[in-house]
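All of the numbers you see were taken from the coordinates with simple rules; none came from a lab. Since the structure is predicted, the reported quantities are computational estimates derived from the model, not experimental observations. No Cβ is skipped: glycine too gets one built from the backbone with ideal geometry, and neighbour counts run over all protein chains shown.
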Amino acid sequence: MKVLMFGWEFPPHIAGGLGTACFGLTQGLAKNHVDVTFVMPKASGDEDQRKIKIISASDVELDTRYSDYFQFHKEISYVEVNSRLIPYVGLDDYFNVINQKESALLEDVKVTEKRKYLFSGTYGANLMEEVKNYALVAAEIARNEDFDIIHAHDWLTFRAGIMAKKISNKPLCIHVHATEFDRSDEFSRNEIVYNLEKEGMEAADAICAVSDLTRNIIIEKYGIEPSKVFTLHNAVIPHQKEVERVEDVPYKIVTFLGRVTFQKGPEYFIETAKKVMEYDKDVRFVLAGDGDMMNRMIERVAELGIADRFHFTGFLNGEEIDLLFGMSDVYVMPSISEPFGISPLEAMRAHVPVVISKQSGVSEILQYAIKVDFWDINAMADAIYGILHYPALANFFAERGKEEVNSLKWEHVAKKLKGIYASLLPRN
Amino acid sequence: MRKICFHFQISQPYRLRRYHFFDINKHHNYFDDFQNSYLVKRLADFCYLPANKMFLDLLKKYEDISLSFSISGDSIQLFKEHAPEVIESFKELIATNRVEIVGNTFSHSIASLYGKDAFMHQIKKQEKQLKEVFDVTPVSFCNTELIYSDEIGEWLAEAGYKVVLTEGARHILAWKSAGYLYCNPFQTNLKVLMRNYNLCDDITLRFQNKSWEHYPLTADKYLSFLNNIPHDAPYINLFMDYETIGEYHTKESGIFDFFYHLFVQIAERKELSFMLPQDVAKEEDSVLTIHVPWAMSSSSDEKDTNEWLGNELQQEAFEQLFKLENLYKESKNENAKMNWLRLQAADHFAFMSTKWFAETSVKRNFDVYPSPYQAFINYMNVLNDVKLQLEKKK
């Protein structure tokens, strides 16, 4: 079985969880004897290609003589996007949309018969244009590569997937890691992104959602036929090195790690902190990360008068995160909407007990975690207090949690995916 | 003639409310009064009162019929508070002289898994209550969830009991049958009646199971089951939760009709005779010893104590609870003392169980916690306050 997979990023150069998930999934597929050709806008050459073949879209020559190419080109509308926007969209960001039916680029194309597009592969200002060009290149790749199935990750690559399907007539599987409903609230929702997502979902023969939560959004908010939407929970890539516990920390530490944005629910973390601190003088709360709600959060902490025991670290790199996990006694993820949410798994792997919101995809697969509603700060405070004060509970989570995380393997996810693929292929 | 022994258990606990850590040392009302009142009233209406009425009718109609009950002290307290008519209704049953009230722990306690003192205290407290409320002195004993071991049997013998009801656990009986009369190996005066759990599960677990080959279960069909077990074993012991009638299986399922006709048929056919646990107290012939070196119970398939003490959380809560035993003895705070007893209820520990398949147990119906961890945290918060209260007014 051969899969042509469209992604946007791949380790080591990644901006978010998407690249990590793609890496894990492709490694898992390789173990299940599925050949993967992974296409990304711009490969750097240092990606791990031992198990899969990587194609950089920037290196693909387009033969512009094909008529479908022009047909598609005409249909496409351009969108300009503010550079900080995607995929980590914030409340204060905005979209600037311009419809350009005829572009200078198109005329360019008419002159020569063959050309290449250069992709940045980032989430930059010309993102929508790159999305479109990526689709054009996808057509070219689909014409030349040998494959049985097309698999496209998130809306950035859906057009590429659709194009590849049009050219090859092979079944299309799209993978939804997040939807516009997770990235934004109802006031900042982007119609264009929503439409691109919906277009991809409608064109797909099968849809993989990273959680039941996301699956329900796909069915309810995008009106997709439930029978073709499958839940495919993420797994974790085995850790290279153990996170070391930092001894001699004079305080108990409760940690939040993530973007400081509306969807991550940082304000619930702060209100909870206030409740716990009133009864426990030896606890410190740490909010690690940055985002558009940062200033408001700092103000709130000052307002509550807990700034002496509440710390903001700003953005942390990988080593610093490991260090923080090594010091933490509880990890809290109060997300309002989280399609999956890989960070609690990383905390559990570092022996840190976790409290997570029920509104997260990861809560569907975890048993050794305390799950609360994101808005229920009393329950969240009870959970944190319980873990800090009843050592049996902390030890229980530290041990069982780690075992549980280690049992979540991409190999198993890929096996399930292989089954979905098989159901799409014509029977021999 | 073979003998059939019916025993029904009632063990409603005081259920805890959501007790936050910031309530510790501030509020001492740990119980969910609404939930407790609602459940007891519902059970009274759906189960205890109509079932008692049915049995009273049967007892009046057939003079051979007899049956036994164990009612925990907490349940009696809850009846007093929320459904006093249930107590009156039991008094009517007892007045027939063919209903035996069997001893048990005061608060559906698992103290027998901790130690003699705590356990004996629970028994004595319950004896006092049974004397006060029903004017009875039990000679038979049915421990919480049929928990039993040789050691527990010795304590019971010391407390003056003659008969104990327990599980016919496969790992204890091996090739032996639950249908014989056994005795404690060290206190041979203590008779041991062993439950035929397959026959009980046919009713409690499978009565409404449509995929079961014997569905629907009728009294006639059930009598044929009783007839099919080897006739040389003289006893058929059926012990079950009283809530089986009307709660686990609602009236609409036909459970009342089933029991009514079962009792009528047994009484009329005269192939089996009704027996009370106390009837075997003086039995001397063909009594065999049964060794139970470790505690067993009626819990799920394993018949062990893992439902209450299977994980580290349960063990921790258990340990912290009984650490307060001396504090309890010294304390003069009667409220706090009562609460400490109530925290011994098996139910609190079952809610902390991480045997995930435990949800198949009918008792999970009453589980109010989102997870075992929250059950643990809530319990520990309450326990911490009880400790403070016990310490305060020594």
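If amide hydrogens are placed 1.01 Å from N in the peptide plane, which non-local residues have theirs closer than 5 Å to the one on residue A:354?
A:331, A:370
Mind running the shape call on segment A:245-380? Use the C-alpha gyration tensor, a ≥ b ≥ c as the square roots of the eigenvalues: rounded below 1.5 for a/c, prolate if a/b tops b/c, oblate otherwise.
rounded
If we count every other residue with Cβ under 12 angstrom of residue B:134's Cβ, Lys/Arg +1 and Asp/Glu -1, where does the sum land?
Net charge in that neighbourhood comes out at -3.
If I fit a long axis through the Cα atoms of helix B:84-95 and take the longest principal axis of the Cα atoms of chain B, what angle between them do I get, 0 to 90°, rounded to 10?
Here the helix axis deviates by roughly 40 degrees.
Using alpha-carbon pairs under 8 Å, 6+ residues apart, how would you state the relative contact order of chain B in percent?
Details: 654 pairs, mean separation 91.5, N = 394.
After rounding, I find 23 percent.
Counting other beta carbons within 10 Å of each Cβ, put A:239, B:348 in order, fewest first.
Working: A:239 13, B:348 27.
The fewest-first ordering by Cβ neighbours comes to A:239, B:348.
Whole-Hz Karplus ³J(HN,Hα) for segment B:278-294, in order, using 6.51 cos²θ - 1.76 cosθ + 1.60 and θ = phi - 60°, x for Gly and Pro?
5, 5, 8, 4, 9, 4, 10, 7, 6, 10, 10, 8, 10, 8, 10, x, 10
Which residues does a label at residue B:27 reach in segment B:311-347, if reach means a backbone N under 18 Å from a point 7 Å past the Cα toward the Cβ?
Those under the cut-off are B:336, B:339.
Between residue B:95 and residue A:358, what's the calculated FRET efficiency when r is the beta-carbon distance and R0 is 60 Å? Round to 0.05.
On the way: r = 53 Å, r/R0 = 0.88.
The formula returns an efficiency of 0.70 here.
Checking the a/c ratio against 1.5 first, then a/b against b/c, what shape does the Cα gyration tensor give for segment B:34-151? Don't jump to the answer; show the numbers that get you there.
Values: a/c = 2.06, a/b = 1.35, b/c = 1.53.
Because a/c hits 1.5 or more and a/b fails to exceed b/c, segment B:34-151 counts as oblate.
How much length is gained on full extension from residue B:60 to residue B:281, taking 0.36 nm per residue of separation minus their Cα-Cα distance?
77.0 nm
With +1 on the Cβ of every Lys and Arg and -1 on the Cβ of every Asp and Glu, and nothing else charged, how large is the dipole of segment B:1-152 about its Cα centre, in debye rounded to the nearest 20?
Numbers: 19 positive and 20 negative charges, 27 e Å.
Rounded to the nearest 20 debye, it is 140 debye.
Quick check on the protein assembly as shown: take the gyration tensor over C-alpha atoms, sort the square-rooted eigenvalues as a ≥ b ≥ c, and tell me if it's rounded (a/c under 1.5), prolate or oblate.
Numbers: a/c = 2.94, a/b = 2.00, b/c = 1.47.
The shape class here is prolate.
Excluding same-chain pairs closer than 8 in sequence, count the lysine pairs in segment B:306-391 whose Cα atoms lie under 21 Å apart.
On the way: B:323/B:332; B:323/B:337; B:323/B:387; B:329/B:337; B:329/B:387; B:332/B:387; B:337/B:387; B:355/B:363.
Eligible lysine pairs with Cα atoms under 21 Å apart amount to 8.
Can you list residues from other chains, or at least 5 along the same chain, whose modelled amide H is less than 5 Å from the amide H of residue B:368?
Correct list: empty.
Student exercise: in segment A:226-347, how many lysine pairs 8 or more apart or on different chains have Cα atoms under 23 Å apart? Don't skip to the answer; put the middle values down first.
Numbers: A:252/A:264; A:252/A:274; A:252/A:275; A:252/A:281; A:264/A:274; A:264/A:275.
Summing the qualifying lysine pairs gives 6.
Using every pair of alpha-carbon atoms in segment B:2-289, split the distances into 10 Å bins beginning at 0 and state the percent of pairs per bin, rounded to integers.
With a bin width of 10 Å, the distribution comes to 6, 27, 35, 23, 6, 1, 0.
Relative to the Cα centre, what is the charge dipole magnitude of segment B:2-289, using +1 at the beta carbon of each Lys and Arg, -1 at the beta carbon of each Asp and Glu, and rounding to the nearest 20 debye?
Details: 31 positive and 39 negative charges, 49 e Å.
Roughly 240 debye, rounded to the nearest 20.
Can you list the HN-Hα couplings for segment A:181-198, worked out from phi with the Karplus curve (6.51, -1.76, 1.60; θ = phi - 60°), rounded to whole Hz and with x for Gly and Pro?
With coefficients 6.51, -1.76 and 1.60, one gets 6, 8, 7, 9, 9, 5, 8, 10, 5, 9, 4, 5, 5, 4, 5, 5, 5, 5 Hz.
Which one, B:340, B:384, B:350, is farthest towards the positive end of the dipole of segment B:306-391 when Lys and Arg carry +1 and Asp and Glu -1 on their Cβ?
About the Cα centre, the residue reaching furthest to the positive side is B:340.
Nearest-5 percent of antiparallel DSSP beta bridges in the protein assembly as shown?
15
What's the magnitude of the charge dipole for segment B:306-391 around its Cα centre, counting Lys and Arg as +1 and Asp and Glu as -1 at the beta-carbon? Answer in Debye, nearest 20.
Values: 9 positive and 12 negative charges, 36 e Å.
In debye, rounded to 20, segment B:306-391 gives about 180.
Given DSSP loops and a limit of at most 14 other Cβ atoms within 10 Å, what is the longest stretch of chain B that contains no such chymotrypsin sites (Phe, Trp or Tyr not before Pro)?
Values: sites that count: B:175, B:186, B:212, B:294.
Formally, the longest exposed-site-free interval is B:1-174.
With the cut-off at 20 Å, tell me which of the pairs B:3/B:282; B:210/B:270; A:31/A:198; B:41/B:251; B:53/B:251; A:358/A:416 have Cα atoms farther apart than that.
On the way: B:3/B:282 15 Å; B:210/B:270 31 Å; A:31/A:198 32 Å; B:41/B:251 16 Å; B:53/B:251 14 Å; A:358/A:416 24 Å.
Checking Cα-Cα distances, B:210/B:270; A:31/A:198; A:358/A:416 exceed 20 Å.
Count neighbours as other Cβ atoms within 10 Å of each site's Cβ, and list the trypsin sites (Lys or Arg not before Pro) in segment A:384-428 that are DSSP loop with at most 15 such neighbours. Write down the numbers at each step before the final one.
On the way: sites: A:400, A:402, A:409, A:415, A:416, A:418, A:427; in loops: A:409, A:427.
Loop-located and lightly packed - A:427.
Taking a cut-off of 19 Å between Cα atoms, list the aspartates and glutamates near residue B:392, but don't count ones fewer than 8 places away on the same chain.
List returned: B:23, B:325, B:330, B:334.
With unit charges on the beta carbon (Lys/Arg positive, Asp/Glu negative), name the residue among B:70, A:253, A:424 whose Cα is farthest towards the positive pole of the charge dipole of the protein assembly as shown.
About the Cα centre, the residue reaching furthest to the positive side is B:70.
Using only DSSP helix segments of four residues or longer, with each worth -39500 (n - 2.57), what per-residue ellipticity at 222 nm results for the protein assembly as shown after dividing by its residue count and rounding to 500? Display every interim value, and only then the final one.
On the way: 31 runs with 341 residues, N = 822.
After summing the helix terms and dividing by residue count, I get -12500 deg cm²/dmol.
Considering only DSSP beta bridges with both partners in chain B, what is the antiparallel share in %, to the nearest 5?
Numbers: 5 of 36 bridges.
Percent antiparallel among DSSP bridges in chain B is about 15.
Can you give the net charge of the other residues whose Cβ lies under 12 Å from the Cβ of residue B:66, counting K and R as +1 and D and E as -1? Don't skip to the answer; put the middle values down first.
Working: positive: B:3, B:98; negative: B:63, B:64, B:100, B:279.
Result for the neighbourhood of residue B:66: -2.
Cross-link candidates for residue B:128: which aspartates and glutamates have Cα within less than 16 Å, leaving aside residues fewer than 8 places away along the same chain?
Counting by Cα, and skipping residues close in sequence, residue B:128 has these aspartates and glutamates nearby: B:74.
Could you go through segment A:205-212 in sequence order and give the Karplus-derived ³J(HN,Hα) for each residue, using 6.51 cos²θ - 1.76 cosθ + 1.60 with θ = phi - 60°, rounded to whole Hz, and x for Gly and Pro?
8, 8, 10, 9, 10, 6, 7, 5
What length, rounded to one decimal in nm, is gained on full extension from residue A:35 through to residue A:50, with 0.36 nm per residue of separation minus their alpha-carbon distance?
Numbers: separation 15, 0.36 × 15 = 5.40 nm, distance 1.16 nm.
Answer, rounded to one decimal: 4.2 nm.
Can you give me the long-range amide H partners of residue B:71? Hydrogens built in the peptide plane at 1.01 Å from N, cutoff under 5 Å, separation of 5 or more residues or another chain.
Excluding prolines and chain starts, which carry no amide H, the hits are B:10, B:102.
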